[in-house]
Amino acid sequence: MELNLEGEHASRAASVLGALIAPRPIALITTVGADGVVNAAPYSFFNLLGTRPPLLIFAAGDKEDGRQKDTPRNIQLTQEFVVNLVDEGIAKAMNECSAELPYGVSELAQAGLTAVPSATVRPPRIAEAPAALECREWGTLRVGKNRLVLGLIKRVFVKDELADPEKLRVRLDRYFPIGRMGGPDLYSRTRDRFAMPRPE
């Protein structure tokens, strides 16, 4: 099968690519609006881009009517956001945050999540998240209906039970992030792992 995503098969891009490029990590992003209300929204078009400096990216598509989603709108105002990573423990709450609520209504209370102050940015992090990355916007690139937000990671918080304080490493035997698969409601767990030493 060959698909022409620039022509006759363009409408199939989301379903086909979302199924092929998987599992994808999930960023549950918190931002603050002009009215001070905290917004929380999940994005699976998200990943780490580099470490010198620490840099990540996520893509926020426009709403069906062409308006910006709340997350990029708030980042445009403040240039700050927090990426809260998602594990099995907060999977259900993350899904609750994907509900379409009116602007100015926070998803956190509806999802049963707790906002705690960040150290370097105004948006709070989520207490229940296994880890949180405080970010400042480096820039936003608009490509079609996609808003690609680049964030410089300023501070990392990791739950105590997941951190080795002496080696400054994450305890991977205790950290179980989930991934986004194809379809609107398909996810994966990350408990089935294997090691493959690199050739010398």
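Computed quantities for the displayed model
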item: Residue in the range 27-44 that is part of a loop (DSSP other than H, G, I, E, B), small (Gly, Ala, Ser) and within 19 Å of Leu148 (Cβ to Cβ) present; result: yes
item: The range 75-98 - residue that is over 15 Å from the mean Cα position of the chain (by Cα) and either hydrophobic (A, V, I, L, M, F, W, C) or surrounded by 16 or more Cβ atoms within 10 Å (Cβ to Cβ) (or both) and, of those, nearest to Val156 (Cα to Cα); result: Gln79
item: Checklist (1) more than 22 Å from Ala129 (Cβ to Cβ); (2) buried (at least 17 other Cβ atoms within 10 Å of the Cβ) applied to Ile26, failing item; result: (1)
item: Subset of the range 47-77 [modelled with pLDDT of 95 or more, part of a helix (DSSP H, G or I) and either under 23 Å from Glu128 (Cβ atoms) or in contact with a Cys (Cβ under 6 Å, 6 or more places away or on another chain) (or both)]; result: Thr71, Asn74, Ile75
item: Single residue of Ile21, Ile29 found to be of a type in the set (Val, Ile, Thr) and touching a Ser or Thr at 6+ places or on another chain (Cβ under 8 Å); result: Ile29
item: Scope the range 157-200; condition surrounded by fewer than 15 Cβ atoms within 10 Å (Cβ to Cβ) and either aliphatic (A, V, I, L, M) or on the phi > 0 side of the Ramachandran plot (or both); matching residues; result: Leu168, Leu172, Gly183, Leu186, Ala195, Met196
item: Which numbered condition Glu107 misses (of (1) closer than 19 Å to Ile178 by Cβ; (2) out of contact with any Cys (no Cβ under 9 Å at 6 or more places or on another chain); (3) crowded, with 22+ Cβ neighbours inside 10 Å); result: (2)
item: First in the range 137-156 and at pLDDT 95 or above and in a strand (DSSP E or B), second anywhere and of a type outside the set (Ser, Thr, Tyr) and surrounded by fewer than 13 Cβ atoms within 10 Å (Cβ to Cβ), Cβ under 6 Å, 6 or more apart; result: Leu148/Leu141; Leu150/Gly139; Leu152/Pro53; Arg155/Ala119
item: Residues within the range 111-139 that are among the aliphatic types (A, V, I, L, M) and surrounded by fewer than 16 Cβ atoms within 10 Å (Cβ to Cβ), tallied; result: 3
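The values are calculated or read from the model by the stated rules, or taken from the named source; none is laboratory data. Since we're looking at a predicted model, the values are computed, not measured. When we count neighbours, we look across all protein chains shown, and the Cβ atoms used for this are built from the backbone with ideal geometry, even at glycine.
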